[in-house]
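See structure below.
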Amino acid sequence: MRTGVDAMRAEQLAAMIEHTLLKAEATDEQVDRLCDEAARGRFHAVCVNPCWIRRCAARIGRTNVVVAGVVGFPLGAHRTDTKVDEARRAIEDGAGELDMVIALGPLIAGDDRSVSDEIAAVADVAHAADPAVLLKVILETAALTDAQIERACRLSVEAGADMLKTSTGFHPAGGARVEHVRLLKTHGRGRGVKAAGGIRTAANALAMVEAGATRIGTSAGPALIEGLPVR
């Protein structure tokens, strides 16, 4: 008899999925399709670039799908005030969640104060705008050592992050890895974990869930849940 994530039904996994479209060449037709697929599949959210947030919020309407907007994407090398302004505008446009890329250079260089202050600045503006808004900090784990990941988790949590996310999916070092999800789960002090970047099969998604992921970011939402048992 199957147990745990091996027996996960399609609707359970669907409720964890953030259906994602972040490529630069995305069109309005593709964004509309993303929203419609998320609503039909009862996914948790759509995740899009800032220019599409308002369109997605209008398209999704009264469904339970959340709009997640990226901040400082994909490099994380924006000025802090730019990230803060981007976060504020995203919320004004209808984003209920923010996925912010951490400042990788300062993190690797050991400038913990700079990293922490920036996350706190974005967290403050997000939570002041609406306490229900969730801030996910993208750590780009494939580009970091285990020790750097542990430190990034600590800094993010202490600065007010609501969730930790593995990857942008755009870094040449790669996307989500099971071992990194485990690290985020271990050092995240109870925060949710979003695995994202290169997750295109149900087997891969379920492995991430088994490792501790509470959300799955993927551009292959409908295909990913296809074939899983439905109640």
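Laid out as a table, the results:
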{"item": "Amide H contacts under 5 Å for Val66, placed H, 5+ residues apart", "result": "Ala45, Val46"}
{"item": "Distance from segment 44-98 to segment 114-181 (C-alpha centre basis), Å", "result": "16 Å"}
{"item": "Under Karplus coefficients 6.51, -1.76 and 1.60, residue-wise ³J(HN,Hα) of segment 115-132 in Hz, glycine/proline x", "result": "5, 5, 4, 5, 4, 4, 5, 6, 4, 4, 5, 5, 6, 6, 5, 6, x, 7"}
{"item": "Footprinting exposure proxy for Arg79, Arg182, Arg59 (fewest neighbouring C-beta atoms within 10 Å first)", "result": "Arg79, Arg182, Arg59"}
{"item": "Ranked list, fewest to most other Cβ atoms within 10 Å of each Cβ, for Ile91, Ile17, Ile108", "result": "Ile108, Ile91, Ile17"}
{"item": "Sorted by Cβ neighbour density within 10 Å, fewest at the top, the residues Lys23, Lys136", "result": "Lys23, Lys136"}
{"item": "The chain, relative contact order [Cα under 8 Å, separation at least 6], %", "result": "19 percent"}
{"item": "Helical contribution to [θ] at 222 nm, DSSP H n ≥ 4, -39,500 (n - 2.57), averaged over the chain, rounded to 500", "result": "-13500 deg cm²/dmol"}
{"item": "Residue range of the chain that is longest and free of GluC sites (Glu not before Pro) which are both DSSP loop and sparsely packed (at most 12 other C-beta within 10 Å)", "result": "26-225"}
{"item": "Placed amide H near Ala196: partners under 5 Å, 5+ positions off or other chain", "result": "Thr166, Ser167, Ala176, Gly217"}
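All of the numbers you see were taken from the coordinates with simple rules; none came from a lab. Fair warning: this is a prediction, and the values are worked out from it, not measured in the lab. In this analysis, Cβ positions are derived from the backbone assuming ideal geometry, glycine residues included, and neighbour counts consider all displayed protein chains.
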